[in-house]
Amino acid sequence: MQYQNTRTRQRSLSSESLERVARLASGSAVVIFSSSSCCMCHAVKRLFSELGVSPAVYELDQDPNGKGMERALSKLLGNSPVIPVVFIGGELIGSMDRVMASHISGTLVPLLKKAGALWL
């Protein structure tokens, strides 16, 4: 019986983490879930900064619920590498590879303009 209670509690925490990620992701035009010691996270934050965008950044390693949010992000990404994870206009863009592919193909700036993160 205790095993079932533990599983129910884990599902509840997972659901809460997914809800928190969704709430935070829709709170700003650009949201980055990051880790303060991650070099790829630093690179994606720098990219947005150089484009003139000020994203909301959530450092998962400094958040008491960071591990739960990291698991929720992993589910959203299909268990691929979790951080950094970028949302634009409340929509999941993905990890660094997807952001860079969008930047190289020329689709990133229009997404940022549509979300209201860029005006020029």
> Which condition breaks for ILE93 when tested against (1) more than 19 Å from ALA22 (Cα to Cα); (2) modelled with pLDDT of 95 or more?
Replying inline: (1)
>> Can you tell me which condition ASN79 does not meet? The list is (1) touching a helix residue (DSSP H, G or I) at 6+ places or on another chain (Cβ under 6 Å); (2) modelled with pLDDT under 95; (3) at positive phi, and all the others hold.
In response: (1)
>> What's the total number of residues in region 77-101 that are buried (at least 19 other Cβ atoms within 10 Å of the Cβ), in a helix (DSSP H, G or I) and in contact with a Gly (Cβ under 9 Å, 6 or more places away or on another chain)?
In response: 0
> Being at pLDDT below 90 and more than 30 Å from TRP119 (Cβ to Cβ), is that true of even one residue in region 55-66?
Replying inline: no
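Residues checked against (1) among the polar types (S, T, N, Q); (2) modelled with pLDDT under 95; (3) closer than 25 Å to LEU18 by Cα:
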residue: ILE32; (1), (2), (3): no, no, yes
residue: LYS45; (1), (2), (3): no, no, yes
residue: SER49; (1), (2), (3): yes, no, no
residue: ALA72; (1), (2), (3): no, yes, yes
residue: VAL99; (1), (2), (3): no, no, yes
>> Could you go through region 45-64 and let me know if any residue there is within 21 Å of THR107 (Cβ to Cβ) and of a type in the set (Val, Ile, Thr).
In response: yes
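The values are calculated or read from the model by the stated rules, or taken from the named source; none is laboratory data. Owing to the predicted nature of the structure, the values given are computational and were not obtained by experimental measurement. All Cβ positions, even for glycine, are placed from backbone atoms using ideal geometry, and neighbour counts span all protein chains on display.
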